[in-house]
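J.: Encoded as structure tokens, here's the structure I'll be asking about.
The values are calculated or read from the model by the stated rules, or taken from the named source; none is laboratory data. Quick caveat: nothing in here was measured; it's all calculated off a predicted structure. When we count neighbours, we look across all protein chains shown, and the Cβ atoms used for this are built from the backbone with ideal geometry, even at glycine. Accessible surface is based on the protein model in full, side chains and every heavy atom, while ligands, DNA and RNA are left aside. Shrake-Rupley method; radii C 1.70, N 1.55, O 1.52, S 1.80 Å.
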Amino acid sequence: MSRRATIRDVAMAAGVSIGTVSNVLTGAKPVAAPTRIAIEAAIERLGYAPDQAGRVLNSRRRRDPAAPPPGMPRLTTVGYLCADLTARLEVLPGADERAQARLIEETLGGAAANVAAVAAGLGPPLAVWTELMTRLGVDAHSDWAAGLLASRGVALTEGSRRPDGHLSRCIILVDAEGSRTIVNEPLQVPKADLLAWLAGLRRQPGRHCLHIQGDQLEELLDVLPAARSRGLLLSCHAPGMRATLRSPAAIRRLADLLDLVFLDGPTARAVTGMSATANCLPALRALAGTATLVVTLGAEGAALLEPGQRPVRVLAGTVVPVDRTGAGDCFVGTYLAAWLAGRPAADAARLAVLAASRSVLVPGAQEYRPTADELAGALEEEGV
């Protein structure tokens, strides 16, 4: 009887280290696509499938995520999970220019995934159970993304992985000032997926928010009343929202359908026709309806527009950004967790501004995931 293949055999056959094979199997670290393909081929050729490898490779078959503890707040985000290929340069290149990057790296990203990962990482007293509804494949690259996301406390909803899918990719160019240019592949979560998820949703005690990424919203608008009827709280994040939703009438409709609407500066200016985001607040307040509008103001912090309340401004501290990628998502994930935990809106906004300010000091969209204790300690030091 032939000897059972070991991880060392796989490494020798693929011409890599044992650690690299382990990274492919566990999703602990990203591995370049050609190397990953060579390792996958060696695994199949040698028939290497110990329990650990079997668990990872069989993650391609759908398994229901563990049920959340009774009463624990829940967050389901809808939108992108992707591989961010980030090039760090001194200056962003112009048309027809060639540039040499200081570094090109692959990390996990995608707005909806970023929001979920930040919310999942905060922990008590802001602990929230999170899951992501997205579209990806059953290939090794998708295994890496799903495994890494799971290690950050985020489950995938039923049907997010499809045999005909693949992990979406995003190219990000970041200059020395932290400004970035983003190019991503299209991804749309079908309406049928959200309807199927709602049909199978089990009612549980505790607050449950459905959060929809802006570029997914138009396709899914008709499903929102059904989601509301299931007792869900509803929110959206405007970046990427199509032009048809960037009008006063559209924002007023969203404010009637949703509990929370997060607006970034470009969206606020597009809706109101004003050149400065801070000047948009009175006009936006008139559109708020029954929803709370949260307007992110970049380095100036955020503004909170609650129904029947005076606007609240939350200022940000002065920082020198390294990479602004994912800062808005960090803000939203922190705010949602605090809000679901029952914190007042102004407190949630203060925590979110602090988290976003710290996120720009760390390269990558998900590489900074604050804890609730860390944020509370920082606010205490600031005397807030």
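J.: For segment 257-294, give me the residue count where each residue is open to solvent by 30 Å² or more (accessible area, probe 1.4 Å), among the polar types (S, T, N, Q) and more than 20 Å from Leu336 (Cα to Cα).
T.: Residues in segment 257-294 being open to solvent by 30 Å² or more (accessible area, probe 1.4 Å), among the polar types (S, T, N, Q) and more than 20 Å from Leu336 (Cα to Cα): 3 in total.
J.: Quick one: in segment 297-317, which of the residues that are part of a loop (DSSP other than H, G, I, E, B), of a type outside the set (D, E, K, R) and within 26 Å of the chain's Cα centre (by Cα) is nearest to Ala268 (Cα to Cα)?
T.: Pass one, segment 297-317, residues part of a loop (DSSP other than H, G, I, E, B): 297, 301, 306-311, 315-317.
Okay, now just the ones that are also of a type outside the set (D, E, K, R), so 297, 301, 307-309, 311, 315-317.
Keeping just the survivors that are within 26 Å of the chain's Cα centre (by Cα) gives 297, 301, 315-317.
On the way: Leu297: 10, Gly301: 14, Leu315: 18, Ala316: 19, Gly317: 22 Å.
Taking the candidates together, the pick is Leu297.
J.: Any residue at all in segment 118-135 that is in a loop (DSSP other than H, G, I, E, B), among the hydroxyl-bearing types (Ser, Thr, Tyr) and in contact (Cβ under 8 Å) with a residue 24 or more places away in the chain?
T.: First, the residues of segment 118-135 that are in a loop (DSSP other than H, G, I, E, B): 122-128, 134-135.
Within this subset, residues satisfying the condition of being among the hydroxyl-bearing types (Ser, Thr, Tyr) are 134.
Narrowing the set further to residues that are in contact (Cβ under 8 Å) with a residue 24 or more places away in the chain leaves 134.
Within segment 118-135, one or more residues are in a loop (DSSP other than H, G, I, E, B), among the hydroxyl-bearing types (Ser, Thr, Tyr) and in contact (Cβ under 8 Å) with a residue 24 or more places away in the chain.
J.: Which residue pairs have Cβ atoms under 9 Å apart, sit 6 or more places apart or on different chains, and have a first residue in segment 162-181 that is touching a residue at least 60 places away in the same chain (Cβ under 8 Å) and a second that is aromatic (Phe, Trp, Tyr)?
T.: Once the first residue is touching a residue at least 60 places away in the same chain (Cβ under 8 Å) and sits in segment 162-181, its partners that are aromatic (Phe, Trp, Tyr) give Leu167/Trp144; Ser168/Tyr80; Cys170/Tyr80.
J.: Looking at (1) open to solvent by 60 Å² or more (accessible area, probe 1.4 Å); (2) in contact with an Asp or Glu (Cβ under 7 Å, 6 or more places away or on another chain), can you tell me which one Thr318 breaks?
T.: For Thr318, the exception is condition (2).
J.: Being assigned to a loop (DSSP other than H, G, I, E, B) and surrounded by fewer than 16 Cβ atoms within 10 Å (Cβ to Cβ) is the filter here; which residues of segment 341-361 pass it? Even if it seems obvious, please write down each step before you answer.
T.: First, pick out the residues of segment 341-361 that are assigned to a loop (DSSP other than H, G, I, E, B): 341-344, 360-361.
Gly342, Pro344, Leu361, listed by residue number.
J.: Quick one: what pairs do we get from segment 272-299, first residue without any contact (Cβ under 8 Å) to a residue 40 or more places away in the chain and basic (Lys, Arg), second open to solvent by 40 Å² or more (accessible area, probe 1.4 Å) and outside any strand (DSSP E or B), C-beta under 7 Å, 6+ apart or different chains?
T.: The qualifying pairs are Arg285/Pro311.
J.: Of all the strands (runs of 3 or more DSSP E) wholly in segment 143-256, which have at least 3 residues that are open to solvent by less than 50 Å² (accessible area, probe 1.4 Å) and closer than 21 Å to Ala327 by Cα? Spell out how you get there, then give the answer.
T.: Numbers: elements: 154-156, 168-174, 180-184, 208-213, 233-237.
By residue number, 168-174, 208-213, 233-237.
J.: Pairs only if they're at least six apart or on different chains, beta carbon under 8 angstrom, first in segment 32-48 and more than 27 Å from Asp84 (Cβ to Cβ), second of a type in the set (S, T, N, Q); list them, first residue then second.
T.: Tyr48/Thr6
Matching residues to (1) basic (Lys, Arg); (2) modelled with pLDDT of 75 or more; (3) over 23 Å from the mean Cα position of the chain (by Cα):
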{"position": "Ala5", "(1), (2), (3)": "no, yes, yes"}
{"position": "Ala14", "(1), (2), (3)": "no, yes, yes"}
{"position": "Val21", "(1), (2), (3)": "no, yes, yes"}
{"position": "Tyr48", "(1), (2), (3)": "no, no, yes"}
{"position": "Asp51", "(1), (2), (3)": "no, no, yes"}
{"position": "Gly54", "(1), (2), (3)": "no, no, yes"}
{"position": "Arg60", "(1), (2), (3)": "yes, no, no"}
{"position": "Pro65", "(1), (2), (3)": "no, no, no"}
{"position": "Pro70", "(1), (2), (3)": "no, yes, yes"}
